[in-house]
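Everything below concerns the one structure shown next.
The values are calculated or read from the model by the stated rules, or taken from the named source; none is laboratory data. Keep in mind that this is a model prediction, so the values were computed, not measured. All Cβ positions, even for glycine, are placed from backbone atoms using ideal geometry, and neighbour counts span all protein chains on display. Calculation scope for accessible area: heavy atoms of the full protein, side chains included, ligands and nucleic acids excluded. Shrake-Rupley method; radii C 1.70, N 1.55, O 1.52, S 1.80 Å.
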Amino acid sequence: MSVTEQHATELYAELYEPLRRYLARFTGDADLAADIAQEAFVRLLERPPESAARPWLFRVATNLARDDRRARTRHRLLGFRGRAQLAHADPPPSPEQAVDRTTARQLVNRALEALSPKERMALLMREEGFAHREIAEAVGTTTGSVGTLLARAIAKAASRLQQPQED
Amino acid sequence: MTTRISSAHLELDELQRILDNECDISEHTYAVTHLRTCSQCAAELRTLEQQAALVRGWLQQAAFEDGVADEVASPALLRDAERGRIVPMASRRKPALLDQSWLRVAAVLVLLATPVAASSDVRGWIAQRLGLAPVEPVNEVIADPDPASARAGGVIRFVPAAGSFELFIASRQQAGTLEIVAGEQSDAVLQIDGAVGAGPIVSEHELRIHNESTSTASYRLRVPANVTRVVVRIAGEKAQQVEGVELREGVRLLLGN
């Protein structure tokens, strides 16, 4: 199915926010997530997929996130600070909120780390309301196996989230 | 078609499909029958549901999408990176992804910014990326439904996400209809008439109606004008989209077999 500009516009309206949120959770970086989400939409227009656009978009964005993280890690190893923190338009959270949020982010990152890449992708796509069929397409597995993949991912993540924090 | 023995326990993948409203009709019928009498499977389903709710709650609390004051690197991704290939020098200087992105985005935006193609959402995106407009607020649930009143019929008001909104219906039911229409109001209203064996769950970007196959409830969903498409997913069936004129003038879907 080719992606027309009109279709791309509709897809953008429907999927930009879910994709950005998914990527923010996947990478732990909201600014990077916004950049990658845009890049994925650019690729959608430049190279329209033959398959369904929704899972394709998430698969491409996930690959971009992995590639970008690899590159950014190398920068750190070479002594670069990496991307500067961008100013954010929202008011800053209160100190209590910041502590809660930071703790939550650390816990969630540890929980997601316990998952395989496929499990992580499936779990986060489920959170965006994707059907098992679409998750299967994005992850590269069969629809029938998505239930088990998700159940295990959820159980693993929940188990890590219930464990006391280790430093 | 094969007939299952009603004492056969539900597998893990089946429990997950029940939780996600992904069962087809025969699977759903079997599951409902089995869960009435099997406390073990019912307990496993509850555990799975609780675990999913726990994970969702933490993800929402972490609010990664809201931006960061302190960078929290994802250890999983760092681990992935360590396993990755050597990055070329050009990419080391600056991540390749960020090098050309703006040029290409600008080119695509020229295409999208034509009067025919550009929706207000895309214009908002452009303005937002240029720092001209605030970040659009994410969806907010005004009031959680009261399960008790909902089961006896009632009204739920909430704010769905702009753009597209998803409505999940757990199963085909005995009778009843679903009416969807867009209006000028700023929040969405779901009215449930004669609901027996049905109850709604409102989450951030979707509305789920957990109905039983014996339910005869009818639902009326009014969404605000900023919602341009409602995707209806009924368990075991292909998703239906209601949009454009159909959404403005209203559409009625039959839920009964």
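Observations on the structure shown:
- Qualifying residue in the range B:27-36 (condition: hydrophobic (A, V, I, L, M, F, W, C) and at pLDDT 90 or above): no
- Residue A:126 vs. criteria farther than 29 Å from residue A:16 by Cβ, in a helix (DSSP H, G or I) and either more than 9 Å from chain B (Cβ to nearest Cβ) or among the basic types (Lys, Arg) (or both): no
- Within the range B:174-187, the set of residues being at pLDDT below 80 and of a type in the set (S, T, N, Q) comprises B:174, B:185, B:186.
- Filter result (crowded, with 17+ Cβ neighbours inside 10 Å and modelled with pLDDT of 70 or more) within the range B:188-207: B:188, B:190, B:192, B:207
- Residue match in the range A:39-56 (condition: within 10 Å of the chain's Cα centre (by Cα) and either assigned to a helix (DSSP H, G or I) or touching a residue at least 12 places away in the same chain (Cβ under 8 Å) (or both)): no
- Subset of the range A:129-155 [surrounded by fewer than 21 Cβ atoms within 10 Å (Cβ to Cβ), over 17 Å from residue A:56 (Cβ atoms) and within 8 Å of chain B (Cβ to nearest Cβ)]: A:144, A:145, A:148, A:152, A:155
- Lone qualifier among A:137, A:166 - being assigned to a helix (DSSP H, G or I), of a type in the set (Asp, Glu) and at pLDDT below 95: A:137
- In the range A:12-44, the residues that are in contact with a Leu (Cβ under 7 Å, 6 or more places away or on another chain) and of a type in the set (A, V, I, L, M): A:15, A:19, A:33, A:36, A:37, A:40, A:44
- Residues satisfying the stated conditions in the range B:42-55, i.e. at the interface with chain A (Cβ under 9 Å from one of its Cβ atoms) and either crowded, with 17+ Cβ neighbours inside 10 Å or within 13 Å of residue A:21 (Cα to Cα) (or both): B:48, B:51, B:52, B:54, B:55
- Restricting attention to the range A:156-166, the residues that are over 15 Å from residue A:116 (Cα atoms) and surrounded by 16 or more Cβ atoms within 10 Å (Cβ to Cβ) add up to 1.
- Residues of the range B:8-52 satisfying the condition of being of a type in the set (Asp, Glu), under 21 Å from residue A:134 (Cα atoms) and not in a helix (DSSP H, G or I): B:20, B:22, B:24
- For the range B:7-26, the criterion of being more than 9 Å from chain A (Cβ to nearest Cβ), free of Cβ contacts under 8 Å to residues at least 40 places away in the same chain, open to solvent by less than 70 Å² (accessible area, probe 1.4 Å) and farther than 20 Å from residue A:146 by Cα is met by at least one residue.
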